[in-house]
Amino acid sequence: MRFDIITLFPELIAPYLEHGVNRRATSAAGVQVRFWNPRDFAEGAYRRVDDRPFGGGPGMVMLAEPLARCLQAIREERAEPPPQAAPLLFFSPVGQVLSHALVARQAGAPAGAILLCGRYEGVDQRFIDAHVDQQISLGDFVLSGGEVAAAVFLDAVLRLQPAVLHDAQSHAQDSFNPAISGLLDCPHYTRPEVWQGRSVPAVLTSGDHARIARWRRQQSLALTARQRPELLQQARQQGWLDRADERYLAESPPAENPGQTG
Ligand code: SAH
């Protein structure tokens, strides 16, 4: 799997990929990441990559031409016939908001993707219209550049690669995963058993695995009902809740969840 990242600031993303789970993905799990700087494809002594917006207004806009040349070089190096061509994803506030479903789909795409990070006011719309396959947003706020978004996206995709996490199944237990019905994850505790007067829930030290699993499921249900009721609705629509889940939800009002806000 290969990711090509088009960015004016590769140094913002590269270090993030050199640690922990991301490093395992890019060193051991056969994920290749290449950086491409549009400045290397720009013309003139100043290697200009941006210009003032037509129609006036503040800020600068990334030029289409250096991006098009950069993209062409990537496509040539990848040499993929059209049906297998990796999609060009552009990080932008106007895009579809990033979700587990989007991440999971990308994680299962062997061709990987080409990621475009915007800067300034964004990218000349004509380049987007001509070449971008999908626009992806991190949420309803504005960043100064797409680099953070690309790092977020890659991190989420890489941790779903087989052999990247020490326990290959552990991501299936994470929030939003269909394996836990798309619910929120349960709370976690570790040593010591009592910390600053707060005890670990007794069930977790009971050694009764069935009871522990039931408790965790119920915590997930209660937390999701309280924090993200729409995820519970989705789980119902998907047929992911069983009768024990429904009985629990009907019988108990959403539980107190220390440390949660909202
Ligand atoms: N003028 C644009 C914002 C440009 S911010 C607007 O108002 O919509 C500069 C770059 O940062 C964008 O091109 C994009 O690549 C990145 N960016 C900013 N906010 C983002 C977000 N919420 N999600 C993903 N990328 C974002």
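Results, tabulated for the structure shown:
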{"item": "Percentage, to the nearest whole number, of Cα pairs in region 1-86 over 16 Å apart", "result": "63 percent"}
{"item": "Charge context of residue 153, other residues only, Cβ under 15 angstrom, K/R +1, D/E -1", "result": "-1"}
{"item": "Measure of compaction for the chain (Cα Rg per 2.2 N^0.38 Å)", "result": "1.24"}
{"item": "Cα centroid separation, region 141-161 to region 109-128 (Å)", "result": "13 Å"}
{"item": "The chain: calculated mean residue ellipticity at 222 nm from DSSP helix runs of at least 4, using -39500 (n - 2.57)", "result": "-10000 deg cm²/dmol"}
{"item": "Listed residues 129, 208, 140, most fluctuating in the chain (Gaussian network, C-alpha, under 10 Å)", "result": "208"}
{"item": "Using θ = phi - 60° and Karplus 6.51 cos²θ - 1.76 cosθ + 1.60, couplings along region 187-199 (whole Hz; Gly, Pro as x)", "result": "x, 10, 9, 9, 5, x, 5, 10, 10, 6, x, 9, 8"}
{"item": "Exposure rule at most 16 other beta-carbon atoms within 10 Å, DSSP loop chymotrypsin sites (Phe, Trp or Tyr not before Pro): the chain longest free segment", "result": "55-140"}
{"item": "Whole-angstrom gap from region 167-233 to region 43-104, using each part's C-alpha centre", "result": "40 Å"}
{"item": "Placed amide H near residue 118: partners under 5 Å, 5+ positions off or other chain", "result": "91, 146"}
{"item": "Difference of contour (0.36 nm per residue) and Cα-Cα distance, residue 193 to residue 243", "result": "14.7 nm"}
{"item": "Cβ charges +1 (Lys, Arg) and -1 (Asp, Glu), total dipole of region 23-92, debye", "result": "300 debye"}
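Readers should treat all values here as calculations from the given coordinates under stated rules, not as data from a laboratory. Note that the coordinates shown come from a computational prediction; the quantities given were computed from them, not determined experimentally. Methodologically, a virtual Cβ is constructed for each residue, glycine included, from the backbone with ideal geometry; neighbour enumeration extends over all protein chains shown.
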